[in-house]
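Working notes, beginning with the structure itself.
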Amino acid sequence: MAKNTGSSAFRRVDVDQFSEEKYEEEAVAEDEANGPNETDIQRILNEGRNFDALLHALNTAPLSTKNQLVKERVVQTVLKVLLTFKSNEIDVAVKSLDQPQLDLLMKYIYRGFEYPSDGSSAQLLTWHEKVFSVGGLGCIIRVLTDRKRV
Amino acid sequence: MPDTFSFGIDPLTCHAWNHDHSQLALSPNNHEVHVYKWSDGKWKLSDVLAEHVQRVTGIDWAPKSNRIVTCGVDRNAYVWTLQPDGKWKPALVILRINRAATCVKWSPLETKFAVGSGARLISVCYFEQENDWWVSKHIKKPIRSTVTCIDWHPNNILLACGSSDFKARVFSAYIKEVDEKPNATSWGSKMPFGNLMAEFSNGSGGWVHGISFSASGEKVAWVGHDSSISVVNAADGSKLTTLKTDSLPFVTLTWIKENNIVVAGYDCSPAVFSYDGENVVLIARLDDSETKQQQGSKFSAMKHFRSLDNRATVESNDTTLETVHQNTVTQVTIYAGTKANCTKCSTSGIDGQLVIWDLRSLENSGSNSA
């Protein structure tokens, strides 16, 4: 027998990679954005301007980048901002956001649940409840369907 | 008050009306198509069209030529013609697809029909007299995933399609054997078969579930799984406007006036939106007024005894929804009128109900912004 039939390496080939029907994600122009500067955020938080810190974080969110590390770092930053808010400040903050920002905030809330710390889940659930009352089910659906992951 | 008809407990995947809505064709989520005739104030089953071997995914009834076209998961489409003895005779259409067919629509002049499929292409079929059979031509590029919905432009040439690659596209389906050379439209002037006239994406993800050309063909609207409604106005430089709603996603839509669309989907309740060139806004929920008015406090006593009667339980833990449809709406179709001026529309749902909604009451309640 000329063929090497002893090796079972062929079983580990991912045949779906070679399927001509494989869906290729559209190549979106990658953004160089690195997300909000952490020291900036910390400075704004120290000044007690929680809402401004949140706005800055949402406006500089690295949506187009493929760099996972950047995304992870930004999630931690935003989580810190979200946890700095007092429960009674959340309502006012949520009401002042516009629709795209609301959707983005909901994405960060769900990401925040992935990194539980002492009391973080309760705070995030409060955030979730307030954002849900304004954004509705559509807001949550968009967290699931939006291709631009956070 | 909407007219509700129940066709059993099976979901209604799709439905279609004949020209004067005296007959109704629907599929109860299986391989059959049931044809009902309206007589003595009821829908009576007049025929069962059972030629498909797998689930039927689309039905369309041509009003003038009175032919029904059906397509199914078995990769086939059949054109049904009414025989003098009252029976429907099927004619198989070879679509040449290797995946399920998902949707089918007759063209406005009923000379051709288009079938969307999971094979990532659209089959446009026309009848060839010499061989006495239906021939299909494929539109493939640049569709990259299943075609979920299609709709014809009134000029019988252009075809809009939505796909699970998150895009809405307008193609030319010009077939020289059956079509006259078309005049230029706002979508373009060169329309060879399969030409991509326009491609749109609303920026975020979400499969396109339903798509519809307006009565004039100048606008196309679609609904996506990201709970959005998007409208493109070709007359205004193909401007794209998207509304991200706060409800569950819509799966079906149709224009009912030049500037109004009715949508329905997972929230089980049809709603009317209006497009004024700049924004898409909600103007009415078809379900709201009637049912809410009946929710008086006396209703809970009746509900209590009814649940006691039906289920021998004293719990008022009712799973009944407040909306007329008790589950997702699968399709909304014009019942009376045209896309330019629709007076009634019908919705079929997973709850096995077919409901006819009167849109004229919208105008009376002063929410008419057309």
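The values are calculated or read from the model by the stated rules, or taken from the named source; none is laboratory data. Values in this document were obtained by computation on a predicted structure and should not be read as measured data. In this analysis, Cβ positions are derived from the backbone assuming ideal geometry, glycine residues included, and neighbour counts consider all displayed protein chains. Heads up: the accessible areas ignore ligands, DNA and RNA and are worked out on the full protein's heavy atoms, side chains in. Shrake-Rupley method; radii C 1.70, N 1.55, O 1.52, S 1.80 Å.
Things to note:
- The count of lysine pairs in segment A:54-148 whose Cα atoms are under 27 Å apart, excluding pairs fewer than 8 places apart on the same chain, comes to 22.
- Scattering from segment B:1-110 was approximated by placing one identical point on each alpha carbon and applying the Debye formula without solvent; log10 I(q)/I(0) at 0.13, 0.19 1/Å stands at -0.46, -0.98.
- Ordering B:W134, B:G277, B:N155 by Cα displacement along the dipole of the protein assembly as shown toward the positive end leaves B:W134 in first place; charges were set at the Cβ atoms of Lys, Arg (+1) and Asp, Glu (-1).
- Long-range HN-HN contacts of B:H209 with modeled amide H, under 5 Å: B:V223, B:G224, B:H225
- Note on B:K64 and B:S46: their simple-model spin labels are 2.2 nm apart, each label 7 Å out from Cα toward Cβ.
- Degrees between helix B:298-311 axis and first principal axis of chain B (Cα, 0 to 90, nearest 10): 80 degrees
- An oblate overall shape is assigned to segment B:108-184, the ratio a/c of its alpha-carbon gyration tensor axes (a ≥ b ≥ c) being 1.5 or greater and a/b not exceeding b/c.
- Only DSSP H runs of four or more residues enter the estimate; each adds -39500 (n - 2.57), and after division by the residues of chain B the mean residue ellipticity at 222 nm equals -2000 deg cm²/dmol.
- Carbon/sulfur fraction of accessible area - chain B, other protein chains in place, 1.4 Å, %: 49 percent
- Scaled against the 2.2 N^0.38 Å expected of a compact globular protein of N residues, the Cα radius of gyration of the protein assembly as shown reads 1.10.
- B:D20 - accessible surface, heavy atoms, 1.4 Å probe, Å² rounded to 10: 70 Å²
- Per-residue HN-Hα couplings for segment A:80-89 [Karplus 6.51, -1.76, 1.60; θ = phi - 60°; Hz; x = Gly/Pro]: 4, 4, 4, 7, 6, 5, 8, 4, 7, 7
- Between chain A and chain B, roughly 1500 Å² of accessible surface gets buried, counting both sides and using a 1.4 Å probe.
- Compared with its chain on its own, segment B:138-183 contains the following residues whose accessible area drops by 10 Å² or more in the full protein assembly (probe 1.4 Å; ligands, DNA and RNA excluded): B:R144, B:D165, B:F166, B:K167.
- Alpha carbon Rg of chain A, scaled by the compact-globule rule 2.2 N^0.38 Å: 1.39
- Surface per residue (accessible, 1.4 Å probe) for the protein assembly as shown, Å²: 48 Å²
- Principal axis analysis of the Cα atoms in chain B yields extents of 67, 53, 34 Å, listed in decreasing size.
- If only the Cβ of Lys and Arg carry +1 and only the Cβ of Asp and Glu carry -1, the dipole of chain B around its Cα centre is close to 760 debye.
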